[in-house]
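Encoded as structure tokens, the structure appears first; notes follow it.
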Amino acid sequence: MTPPAHDLGTMPAPGALSRSNGGAFALPSLRPSAVTLARWSRAATPMAFLAPFIILVGVFTYWPLIDLVYLSFVRMNPFGPDAFVAMDNYAGVISNTQFRDAAVNSLIYIFGSIPLKVVLPLAVAVFIWTMSARLGNVYRSVLFVPTLLSFVVVAIIWIWMLNPVMGLLQTVISPFGLRLPNLLSNRETAIHVIIFVSSWKVIGFNVLLYLAGLSAIGKDYIEAMRLDGANDWTIFRKLIVPLLSPTIFFVAISTVVFTIQQVFTPIDIMTGGGPLNATTNIFYIVYQYLFESFNVGYSAAGTVLIFLFLGFLVAIKIAVLEKRVHYH
Amino acid sequence: MLVLSRPWRIIGQVLLFSLAATIVAPLLLVVFTSFKPPNEIYAGLPWPQSPTFQNYIDVFEKLSLAIYLWNSIATTVLRVAGQLVLAVLAAYAFARFQFPGRGLLFALVLGAMMIPHQLTFLPIYLMITKLGWFDTWTALIVPNLAMPLAVLLLRQHLLSFPRELYDAASMDGASELRILWSVVLPNLKPILAALTIVLFVDCWNEYFWPLVVTETEAAMTAQIGVRRFLNAEQGDDLGPLMAAMTIVSLPALAVFLFFQRQIIQTFVSVGVKG
């Protein structure tokens, strides 16, 4: 006697899980009534199906989070019990100039990415949307290709392209008597090169997200606005942007949350965090604490701080999604 | 459909053409260079004048790319297969049954989706060294087997199936595994195919995790291998490096050429949910 599948509630919006599935949270009463027993025995099959997945999530996602908090409060000792050091690791990390540089850079990565990862793809998507289907499809596919390449390959391509001696860019500009500076060894420019490279990789993907949103806009609205004498810019500003606002918000918040994780690979391959910490970020620094300074406590404390920061971002995301970024 | 005025149309064409050029030109150059003999690499035309396979032979003979590729292929196949099996089982349990704790467990799965590897790598790394898994295939596969996104996507598809589908099979006295295997799975084929491709690309291109848990040729994957060539060559010997980059990029691009539409759709639905 399984309840009908369509009664089981629809898919909750990301982050909206607290509202739905209401009944399923209720625990059975302690008195083992016949009903309770029946419910538990009915749970045997689904529990067996779920067990492998849930155990793995527990062991490799939730347990590590708890362990991480523990590790952030101790100094590991390979020959004896770990020493409790209270907030020492946190104090150490916060006063560490490398970590401060990394935190500032992370904000540069986040805000510096918005024009290329959020705004440019919006413009590109609108242009593709207004093109002939054939040409639009060609562009859509070409722009999508970097999504399928690994970041290792992408980073090496751009190291080579931007090489001041033999890179493609130097070859292109040398007939004009121009010399390409070494952008990756310059403290001012290196971080922007990495922002550019990581944008190059995701533009096509974000364009796809926008195109999915655009496909829902009816042409009646556009025609109505045309009859009122609206020009392209007005239609974009007054109709397309408001109707796309949920997608724009989604792309923006994903950019904010993912950029600092995503740039790990280009940082590691293109600059190693340098020159002079100019390109390092918080994820890269906690990696280096572990594998270069062998400091487990710092690595753990730094990661907990990142976790709190990301949690804060996700809370904003949920709060805004609950409010619904919508025009209706 | 919006029809743009002439100036905007021209701006759009110029913008898209230049963007596409920044993508196509470097990629073509990589492929061309991989077929160049050493004397043509720094001089002359973008394309090879006397194309050669020597670089491709070199990456296998001198740089032992084969062993890295083998590690990548084997661990990707095993991991994706495991991810699919576990996700199908879990999604089916969530979609078909009503049981105590379902909401809580589903919330745990959703929550796990938001926690990237880079937050948990330290404790898992310590765990793996303690278990003696460091630098093994196991370290690459097991910690990544549970894929919450896959559960979410499959569950949603299962919820859209009509209830009669299951009921007819139940009445015939089929066991749940039987129903899953012979009734549900055939209906899930399209989404499973698309999901396989996404999981494959995700695993094949991974850099961070193999960087953390591998150290030697016993487990190093192709991406790490390419990275090693870069360090070893220091840009002196571009030909073999470009050949290696072409080889490791080929599988994902080839699959894309054949299943373009499905891939784009799946990436979008995965992206929208992630």
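The values are calculated or read from the model by the stated rules, or taken from the named source; none is laboratory data. Nothing here was measured: the structure is a model prediction, and the numbers come from that model. Here the Cβ positions follow ideal geometry from the backbone for every residue, glycine too, while neighbour counts run over all protein chains shown. Areas reflect the complete protein model, heavy atoms only, side chains present, ligands, DNA and RNA absent. Shrake-Rupley method; radii C 1.70, N 1.55, O 1.52, S 1.80 Å.
Stretched out fully, how many nm does the piece from A:Ser245 to A:Val320 gain, at 0.36 nm a residue minus the Cα gap?
25.8 nm
Pick from B:Leu195, B:Leu153, B:Leu180: which is most flexible by mean-square fluctuation in a GNM of chain B where alpha carbon atoms under 10 Å apart are linked?
Maximum fluctuation in the GNM of chain B, among the listed residues, is at B:Leu180.
Helix hunt in chain A: which complete DSSP H runs extend at least 18 Å axially by C-alpha with mean Kyte-Doolittle at least -0.5?
Qualifying helices: A:44-57, A:97-114, A:133-148, A:190-214, A:241-262, A:296-323.
Take the eigenvalues of the Cα gyration tensor for region B:55-191, scale each by 5, and report the square roots as semi-axes in whole Å, largest first. Mind showing how you got there, number by number?
Numbers: eigenvalues 265, 88, 31 Å².
They are 36, 21, 12 Å, listed from largest to smallest.
Looking at the protein assembly as shown, how many pairs of lysines come closer than 26 Å at the Cα, when each pair is eight or more places apart or spans two chains?
Counting lysine pairs in the protein assembly as shown gives 14.
For region B:184-267, just list the percent of Cα-Cα distances falling in each 5 Å bin from zero outward, please.
3, 13, 19, 17, 16, 13, 10, 6, 2, 1, 0
Compute the acute angle (0 to 90°) between the alpha-carbon long axis of helix B:222-233 and the principal axis of greatest extent of the alpha-carbon atoms of chain B; round to the nearest 10°.
The two axes meet at around 20 degrees.
Scan region B:23-118 for trypsin sites (Lys or Arg not before Pro) in coil per DSSP, keeping those whose Cβ has at most 14 other Cβ atoms within 10 Å, and list them by number.
Sites meeting the loop and neighbour criteria: B:Lys62.
Can you give the FRET efficiency to the nearest 0.05 for A:Ala216 and A:Val138, using r as the Cβ-Cβ distance and R₀ = 30 Å?
E between A:Ala216 and A:Val138, to the nearest 0.05, is 0.85.
Mind checking the angle between helix B:117-131 and chain B's longest principal axis? C-alpha axes, 0 to 90 degrees, to the nearest 10.
80
By how many degrees, 0 to 90 and rounded to 10, does the Cα axis of helix B:102-113 deviate from the longest principal axis of chain B?
So the helix axis and the longest Cα principal axis differ by about 10 degrees.
What number in nm² do you get for region A:115-197 if you take the convex hull of its Cα atoms and divide its surface by four?
Orientation-averaged projected area of the Cα hull: 7.1 nm².
Whole number please: convex hull volume per residue, Cα atoms of the protein assembly as shown, in Å³.
188
Chains B and A: how much accessible area gets covered up at their contact, both sides added, probe 1.4 Å, in Å² to the nearest hundred?
9700
To the nearest whole number, what is the average tally of beta carbon atoms from other chains within 10 Å of the beta carbons of peptide A:61-72? Let's see the in-between values first.
Working: counts 14, 5, 4, 12, 6, 1, 6, 6, 1, 1, 3, 1.
Shielding by partners across A:61-72 averages 5.
Heavy-atom accessible area per residue, region B:65-273, 1.4 Å probe: how many Å²?
Numbers: 7840 Å² over 209 residues.
On a per-residue basis, region B:65-273 sits at 38 Å².
Short version: which residues of region B:213-227 lose at least 10 Å² of accessible area, all chains versus chain alone, 1.4 Å probe?
With the partner chains in place, region B:213-227 has these residues losing at least 10 Å²: B:Gln223, B:Val226, B:Arg227.
Note the direction-averaged projected area, equal to a quarter of the hull surface, for the Cα convex hull of chain B, in nm².
21.1
Taking beta carbons within 10 Å but only from partner chains, what does the mean come to for residues A:162-168?
2
Percent relative contact order of region B:65-273, based on C-alpha pairs within less than 8 angstrom and at least six residues apart?
With pairs under 8 Å counted, the relative contact order is 34 percent.
By the gyration tensor of its Cα atoms, with a ≥ b ≥ c the square roots of the eigenvalues, what is the shape of region A:45-86: rounded for a/c under 1.5, prolate for a/b over b/c, or oblate?
prolate
Give a quick list of chymotrypsin sites (Phe, Trp or Tyr not before Pro) in region A:225-275 that DSSP marks as loop, anything other than H, G, I, E or B, with at most 14 other Cβ atoms within 10 Å.
Those that pass, being in a loop and sparsely packed, number zero.
To the nearest 500 deg cm²/dmol, what mean residue ellipticity at 222 nm is calculated for chain A from DSSP H runs of n ≥ 4 alone, each contributing -39,500 (n - 2.57), summed and divided by the residues?
It comes out at -19500 deg cm²/dmol, rounded to the nearest 500.
For A:Tyr70, put the label point 7 Å out on the Cα→Cβ axis and report which residues of region B:112-146 keep their amide N under 16 Å from it.
Counting backbone N atoms under 16 Å from the label point, the list is B:120-131.
How far, in nm, would the chain grow between B:Ala81 and B:Gln13 when pulled straight, counting 0.36 nm per residue and subtracting the alpha carbon separation? Don't jump to the answer; show the numbers that get you there.
Working: separation 68, 0.36 × 68 = 24.48 nm, distance 4.28 nm.
Extending this stretch completely gives an extra 20.2 nm.
Just to check, using Stokes-Einstein with a Kirkwood Rh over alpha carbon pairs, what's the diffusion coefficient of chain A at 10 °C and 1.306 mPa s in µm²/s?
66
Using the Karplus curve 6.51 cos²θ - 1.76 cosθ + 1.60 with θ = phi - 60°, work out ³J(HN,Hα) for each residue of region B:175-189 in order, rounded to whole Hz, and write x for Gly and Pro.
With coefficients 6.51, -1.76 and 1.60, one gets 6, 4, 4, 4, 4, 4, 5, 9, 10, 7, 4, x, 6, 8, 3 Hz.
Would you grab the residues whose amide H sits under 5 Å from the one on A:Val74? Only those 5+ places off in sequence or on another chain, please, with H modelled 1.01 Å from N.
Counting only residues 5 or more places away or on other chains, the set is A:Val85.
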